[in-house]
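The values are calculated or read from the model by the stated rules, or taken from the named source; none is laboratory data. This structure is a prediction, so every number in the text was calculated from the model and none was measured. Reconstructed Cβ throughout: ideal geometry from the backbone, glycine too, with neighbour counts over all protein chains shown. Note: accessible area is taken over every heavy atom of the protein model, side chains too, but ligands, DNA and RNA are not part of it. Shrake-Rupley method; radii C 1.70, N 1.55, O 1.52, S 1.80 Å.
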Amino acid sequence: MAKKEEFTDAIMLLKHDHREVEDLFSKFQKASSQDKKWQLAQQICNELKIHTMIEEEIFYPAFEGKVDDDLYHEAYVEHDGAKVLVNDILASGGEGEFFEAKVTVLCEEVDHHVKEEEKSKDGFFAQARDTDVDLKALRDEMLARKEELMQQLENGGLPPAEMRALSPMPA
Ligand SMILES: [Fe+2]
Ligand SMILES: [Fe+2]
């Protein structure tokens, strides 16, 4: 498990997650067997579930009213868009004509979202750095929550990702 000394602050922790998931997406693109692709897709989806949860529960709310409103709201909508695919991919068991296309489109969506967060001048993280929010305290809170969620994942799995901005999908 990651130690807090590995990350200078909350933003470094989130960027580290971004690099990990990018690495998994590129492994997915290169994988040749269906089993390997399914295993990587599950890993990607679970990492994204945990990452979006720690951002939505802890990181984003700390900056409500402190970063640009449009950017703030779009971040939640982008997360929900990705969650539709995450839940669908995990439920698919890696089967079906559209499996690879779903993972590819998820990768494109995540790529766009990560750019919005990391954009050097006016991205979410750059704006967050310009506030008086304690980024080390947020890091500690997020690491603790991440550890809890990883435990949950090991002990039977995480529930489907919950929408925060989009209406729940009709049953
Ligand atoms: Fe992120
Ligand atoms: Fe995000």
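So for the chain, taking the charge dipole from beta-carbon charges (+1 Lys/Arg, -1 Asp/Glu), which of S26, L158, I58 sits furthest toward the positive end? Most positive-ward Cα: S26.
Rolling a 1.4 Å probe over the protein heavy atoms gives the chain an accessible area of 55 Å² per residue. Of the solvent-accessible surface of the chain, computed with a 1.4 Å probe over protein heavy atoms with every protein chain present, carbon and sulfur atoms account for 51 percent. Computed over all pairs of different Cα atoms, the Kirkwood value for the hydrodynamic radius of the range 1-63 is 12.9 Å.
Heavy-atom accessible area with a 1.4 Å probe sorts L153, L158, largest first, into L153, L158. Any idea which of W38, F98, N87 is furthest toward the positive side of the dipole for the chain, if Lys and Arg beta-carbons carry +1 and Asp and Glu beta-carbons -1? Looking along the dipole axis, the top candidate is W38.
Across q = 0.09, 0.11 Å⁻¹, the chain modelled as identical point scatterers on its alpha-carbon atoms has Debye log10 I(q)/I(0) values of -0.31, -0.46, in the order of the q list. In this Cβ point-charge picture (+1 for Lys and Arg, -1 for Asp and Glu), the chain has a dipole of about 520 debye about its Cα centre.
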